[in-house]
Structures are given as structure tokens and as C-alpha cells.
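Reading through the C-alpha cells given below for one structure.
Coordinate-derived values only; no laboratory data. These figures come from a predicted structure and were not determined experimentally. Cβ sites come from the backbone with ideal geometry, for glycine too, and all protein chains shown count toward neighbours.
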Number of protein chains: 2
Amino acid sequence: MNRKSAPTLHDVARQAGVSTATVSRALNAPGLVTASTRDLVLRTVDELGYTPHFGGRALVSNRFNTMGAVIPTMDNAIFARGLQAFQETLSDAGVTLLVASSGYDTSREFEQIRTLVGRGTDGLMLIGAERPAESYAFLERRGIPYVLTWSYRHDEKTCFVGFDNRRAAGAMAREVIERGHRRIGMIAGITTGNDRASDRVAGVRAALDAAGLSGRDLPIVEETYSLGGGRRACATLLERRPRPTAVICGNDVLAVGAIIQAKALGLRVPGDVSITGFDDIELAEVAEPGLSTVHVPHRRMGQAAARTLLAIRDGITDCTGVELETYLAMRESLGEPP
Amino acid sequence: MNRKSAPTLHDVARQAGVSTATVSRALNAPGLVTASTRDLVLRTVDELGYTPHFGGRALVSNRFNTMGAVIPTMDNAIFARGLQAFQETLSDAGVTLLVASSGYDTSREFEQIRTLVGRGTDGLMLIGAERPAESYAFLERRGIPYVLTWSYRHDEKTCFVGFDNRRAAGAMAREVIERGHRRIGMIAGITTGNDRASDRVAGVRAALDAAGLSGRDLPIVEETYSLGGGRRACATLLERRPRPTAVICGNDVLAVGAIIQAKALGLRVPGDVSITGFDDIELAEVAEPGLSTVHVPHRRMGQAAARTLLAIRDGITDCTGVELETYLAMRESLGEPP
DNA sequence: TCAGAAAATGCAAACGTTTACACGAAAGCC
DNA sequence: GGCTTTCGTGTAAACGTTTGCATTTTCTGA
């Protein structure tokens, strides 16, 4: 299966009996050539199975038509869904997607950013805002446009396309408190290097403080985003005496794990303990009881990120941050305290 | 945020007072230049913040260090998980990943294949085997190595890294029959252009035939892979009189949708109706009752695909197909007929 | 010290595109 | 029918890199 040498613009031109310029124009600016020539060229292109050589094109136009994304992992419905929307929007604009994953490790993320930039991306989508200054410095020096997603902050310099994790988590916490809960626990994702996770913790703490409960004393267990993590964390929290009547989770997967564990311990949800999530993925709908959670518009976020990046590339805008709305998706897992 | 014009090899050469050839060699083959020149060059490179222009490099060396993947959608835990593993393995080898999605449309897939190839991929991962001859012809003509995943067939010419959908689905059907079910229905994915879906149907039919039941008469409803699709299809099947005692689904999402619908109709699972899935994703574990399903090693498949592609690129092997094992993951949703 | 070999460096030609400019033909104008 | 536009096409020069070959420098050993 040795690589055959691909047909070039020259081959097409020779075969069609025109110049390379005409072929190039027939493909890129069809309006500039007569219909008959264009047809001839396009037919020849098809016949030869010609595809433009990316290197040559990139070399002269200094446009790569490529956007990059570095995400913690695709192995998570949330990012996968956002990435899918990102890719679709890009694809509609004729731009292809380079993907790398960091595994929630910011120094690994830096490495991946360098690789992608070296590979010639016209822009980058990154997750969250927390990363070494080194990463930002590199991007600035190279003048690579980037958008930060899954987070939002008011900031003139940085381009956020996301939502306010703090506020969203706070809204859920307020709802929990309003239902009468006073003994509340939290299961968070690993907050190191993850501002989404820590913002959600901060939001819950602030809501507790505002209600006259002590945010500082909120019992928190951090775990990796997995069903098993949720189960373990939930077991730990439910051992406390007096037992919490509500457990706020930083993520739906953790929350569903928590529900499973609570039921395994013979507790009713929400009868004995209420549990809430964050993200609103399919799992939330399927879980029993249905998970009350914070709905995040993942697909819209991916689309908006792509559009923003394309607009910056085309010089249309400098950096319009986009703040997306979240809302509480109430199902059955949140009730009154026993 | 306008793109700063990046320093070139020329800039470095001029600044360091050497030729471009020397700079290139100092970077790519350090052994060929004296230590002192090398140091000088490297210092200058650092000083100027030079990074090689990918286009120029790709143009002359005709190596892109890039692999592509065209998958139906990332918005599906199955493909996302496999893709993640694929990417990780690639990344360890210093290769980056280009991603495009086809939305289960083979002609759109062809378009994406062309784009990715034009963008310079050294190899391609594709899903399943069913696509227009045109797509294969294009890949052959261009001599691009590719592996087909999520499917397996004995074939000298084509490189499969996957599993036998027919056999796997047949095994589940046999198990269902063995439990005593005689009135069986099936919910399949859309089989058009999707050999995984149609192979699974064929596997179930064959198992029925082998058991002396008529595979031809198996009631089948095709639906898109979604909870809603599963619900709709299940509603249709359960309207039949006499009612099926078991519903075999082509996918876990469909199966969980079916469970939801069955319960909504007031039926017990598996008391009144048994339901089985395919894939073994998180959802299967969380559903209530736990879903009996076919376990597919998605991550191992992604890794194997990457390794195979890298080996072919390096000329180590021509095409070693890899057949992966599936097994039945039995939980509670499959029982005896009422 | 010097010839010859070996090592280091430079020169310049690709690689496949796009695009400014030039050129000729057809079309529009009076 | 001569004039200017307009339109379609071709010519050739970039773009930034690698690399075969030529050239220069350094090293080796008698």
C-alpha cells in the first residue's frame, strides 16, 4: 500500500489543456472562468481524483483553515457533545478540526497547545480559564486567537464563550436551601487546575453564606468524574452524623453515582436524601429518580465558540465574549428534607 | 489580535550569519553541524521565537504526522470513547488527530474523507465497511492507508480492526431464546448505509432460524439512536398481539429508551418483557433494571486502530486485521418470559 | 609541512499552490 | 468601423522548507 504520488495542479492543467492558474481559479473563484472551462476542469479534477495539496496551499496563503481544540477528555458526554457542535459549525465553514486531549493536566495541555499551534491552527478552543501563565504567554506571542469555554468571566482581554459556573451552582444551592435543607454536603470534581470545579464549589459556599449558613463548614469530597467516584464520595458524606439531607454534586456523573450509592445503602432518594447534579446529560434523564440538575447548553456553546473563532480569524471582531444562560432542570431527585 | 508575521528560517539564518541550510540542519540533524554553530543557531532561534512553518515543511517532506478519523458523530459515548483512545495512542507517537463527522451519511463521509486527505493525513480511521465504491476507489488511488473499525470481516485486502457484529448479536439472540422466549421483537438502528446495524439484524435472524423460529418473520422497527427513538419503537412493538416477550435492541441507547417506554406502559422489566442492548456504555449500568447487553471493548479498539495505522505508515506491516472479542454483560433486564 | 581525506557549510533547486500582472479577444460605445 | 472596456486566460514569481551537490574548512598522518 505504498503511497502513490498524488496528482497535482499541474497534472490537472496538462490533462485539461489549460494553465494551472485557470485550474486554481476554477476551484477557488468559479466566477472568474467561463462555464465551459470550469466544467472541463471540474470533470478532469474528478477523473484524476485530485485534491489540493494542503502544504502548498498553506505555504502561499498562510491560511491553514484549521482550528484546534484541547479538551480534558472526549470520554465525557459533555465535552464530546460540545466538540461535535464545534466541529459541525467549523465544517460548514470549510474548516477542519485538530483535536488533542489533556487528561485534566494543565502542563500536558501546554504541550498539546504547542503541538497544535506548530501544526498551524488558525485558532484554538480551550476549556476553562485556569492554566499556567506560560500557556497564555505562548499564545499571545504567537498571536493565535483562542476562546475559553465552559467558563465565563468579565474580562476585556480574554475571550470567554461560556457560562458562569459560580452563579449556576449558586442558583442550585439556593433552590436546595429554599426547600428547607440545612445539612448539606457537596461532591465536587478535582478542583486542582480546574476552575469550573472550584467555581461551582465557591457558588455553593456563597449561597450558604447568603442564607446564614456557614459556607466555610460545607463538607466537601473531591473525586474524579466517574460513577465509582460518585459512589465513594457519597458513602463518605452519608457516614457523617448528623447525616446530610441533601448532596449537591458538581457533575451529573458524580450525582448518578451518588444516587446509586444512596440506594445501595437503603436510603430513599429524595425521601431520605436529596441529590442534585450539574450539566444535564442523558444520564440525568434516565437515572431513577430523574436527576434535578443544572442545564448547560453544551451544543450551543460549541457552536458559539466556533463562530467566534471564525469571526476573529476573519477580522470581523476582536473578541466578543458570549455568556450563555443555564437553568435548573428539575426532576425528582430533589425534594424536602425528611 | 492581528497575527504577527512569524520569523522564518531566513530570518534566523541572517541573524546568525549562516545559511538557511545550516539552520535547518542544526534543528533537524544536530549531528551534522559543529557544536559552536549549533549553539549559536539555537540561541538565535530562541531569541526570535522561531517555529518551523508547517506548510513549508509538509510541502517538501510530504509527511504530515497527522492521522484522520471520520466518525458518524462524537455525540455518542461509543465513538467518543474509541476516539479518545485512538487520540491518546496517536499522541504518544507524536502524531496529531484530525476529526470530521459524517452524521451517518455515506456521501457526506466521502466529502469528509476528501477534505481530510487533502489536508494531509498519513492514514485514516473509518467506521464500518459500508460506503460507496467511490470512497474506496479514492483511497486506493491516493494510496492512503486506512483501517475499518467497529466491524470485522475476513478480507485479505481490507484492514479491519473490530469485531463481528453478526456473531455478537447472534450470541445475544441465542441467550434470549435459551431463556425460553419465542415471541421476540427487535429495535434496530437505521440500517441504510450502516453495516453494523444490518449485521446485528442478520445475526439475530440467523439465531432465530437456527432455533427453528422464523428469522424472516422477526418484527423489526428501525429508529435513530436516541432515547426517544427507542421509546417510539418500543411502543410500536408492544402494540402487537400477541405481545413480544423480549425486545432485542441494536444499541444501548435504544434499549434504555425501550425500558423507559415499557415502564411508562405499566409493564415490568423483565417480568412482563425482557429487553437487551448492545455496546455496554455507562447508561447500561445506570438503567433500572440494569441492562443486559453485549460488551464491546471500545477503548481497546481505538488503541488497536491507532497502532495498526502507525505500523502501516512505518512500513512495518501491510495490513494485519485485528478481531476483538465481545461478550455478554448480563444484568437484570433479561429474564424468563412471563 | 603538505597532500589527501573528512567534516562542515553554502548554493540552489525543488515541493504545489496562489495571485499580480500581462496579454489577447470579444463586446460595448459613439 | 475605430475606440475603449471588459472578460478570460496564461506567465511567472513568490511562499518556507529540505536536501543533493559543490565548495570550503579542518583534521589526519607521514
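Quick notes on this one:
- Under-5 Å amide H pairs with B:N251, H placed in peptide plane, nonlocal only: B:F278
- Stokes-Einstein D for segment A:1-60, Kirkwood Rh over Cα pairs, 10 °C, 1.306 mPa s (µm²/s): 134 µm²/s
- Label distances, nm, A:G290 versus same residue in remaining copies, Cβ-directed 7 Å point: 2.6
- Partner chain coverage, peptide B:75-81 - average Cβ within 10 angstrom: 6
- Protection proxy ranking of A:240-248, B:13-21 - average other beta-carbon atoms within 10 Å, highest first: A:240-248, B:13-21
- Calculated from the alpha-carbon coordinates, segment A:51-98 shows an Rg and a Dmax of 13.2, 39 Å respectively.
- DSSP-defined antiparallel bridges as percent of all bridges, chain A, nearest 5: 10 percent
- Size descriptors for segment A:1-111 (Cα atoms only): Rg and Dmax, in that order, 19.1, 56 Å.
- q = 0.15, 0.18, 0.24 Å⁻¹, segment A:276-338: log10 I(q)/I(0) [Debye, one scatterer per Cα]: -0.58, -0.69, -0.93
- A simple rule links phi to the HN-Hα coupling: the Karplus curve 6.51 cos²θ - 1.76 cosθ + 1.60 with θ = phi - 60°, which for segment B:35-44 gives 4, 5, 4, 4, 4, 4, 4, 4, 5, 5 Hz, with x for Gly and Pro.
- A simple rule links phi to the HN-Hα coupling: the Karplus curve 6.51 cos²θ - 1.76 cosθ + 1.60 with θ = phi - 60°, which for segment A:91-96 gives 4, 4, 9, x, 10, 9 Hz, with x for Gly and Pro.
- Teacher prompt: B:E325 distances to equivalent labels in other copies, 7 Å Cα→Cβ, nm: 5.3
- Size of chain A as Cα extents on the principal axes (Å, biggest first): 86, 38, 35
- Where Rh is the Kirkwood radius over Cα pairs, Rg/Rh for segment B:32-74: 1.25
- Most to least packed among A:305-314, B:258-267 [average Cβ atoms within 10 Å]: A:305-314, B:258-267
- Partner shielding of B:51-62 amounts to 6, given as the average count of beta-carbon atoms from other chains within 10 Å of each residue beta-carbon.
- Projected label points at B:Y327 and A:H10, each 7 Å from Cα along the beta carbon direction, are separated by 5.8 nanometres.
- 3J(HN,Hα) along segment B:202-215, derived from phi through the Karplus expression 6.51 cos²θ - 1.76 cosθ + 1.60 where θ = phi - 60°, amounts to 4, x, 5, 4, 4, 5, 4, 4, 4, 8, x, 9, 8, x Hz, with x in place of Gly and Pro.
- Across q = 0.13 Å⁻¹, segment A:58-160 modelled as identical point scatterers on its alpha-carbon atoms has Debye log10 I(q)/I(0) values of -0.44, in the order of the q list.
- Rounded tilt (10° steps) of B:106-118 against the dominant C-alpha axis of chain B: 20 degrees
- Peptide A:94-103 is shielded by partner chain Cβ atoms: per residue, an average of 5 of them sit within 10 Å of its Cβ.
- Partnerless Cys - chain A, beta-carbon criterion under 4.7 Å: A:C234, A:C249
- Zone residues, segment A:32-54, relative to A:S19, backbone N less than 17 Å from point 7 Å out along Cα-to-Cβ: A:32-34, A:37-38, A:41
- Start at zero, step by 5 Å, and the Cα-Cα distances of segment A:156-228 spread as 3, 16, 25, 23, 16, 10, 5, 1, 0 percent across the bins.
- When the alpha carbon coordinates of segment A:192-322 are projected onto the principal axes, the ranges are 59, 34, 24 Å, largest first.
- Among B:271-279, A:30-38, A:65-73, B:189-197, the order from most to least packed when residues are scored by Cβ within 10 Å on average: B:271-279, A:65-73, B:189-197, A:30-38
- Under a model in which nothing but the beta-carbon of Lys, Arg (+1) and Asp, Glu (-1) is charged, the protein assembly as shown shows a dipole of about 680 debye around its Cα centre.
- Around the amide H of B:G68, modelled in the peptide plane, lie the amide H atoms of B:L98, B:D122, B:G123, B:L124, B:M125, all under 5 Å away and 5 or more residues distant in sequence or on another chain.
- Alpha-carbon Debye profile of segment A:118-180, log10 I(q)/I(0) at 0.15, 0.17 Å⁻¹: -0.57, -0.66
- Label spacing, shortest first and in nm, from B:T37 to its equivalents in the remaining copies (7 angstrom along Cα→Cβ): 4.7
- Distant alpha-carbon pairs in the protein assembly as shown (separation over 39 angstrom), percent: 41 percent
- For segment A:73-224, the C-alpha radius of gyration divided by 2.2 N^0.38 Å, with N the number of residues, is 1.20.
- Between B:R119 and any residue 5 or more places off or on another chain, the built amide H atoms are never under 5 Å apart.
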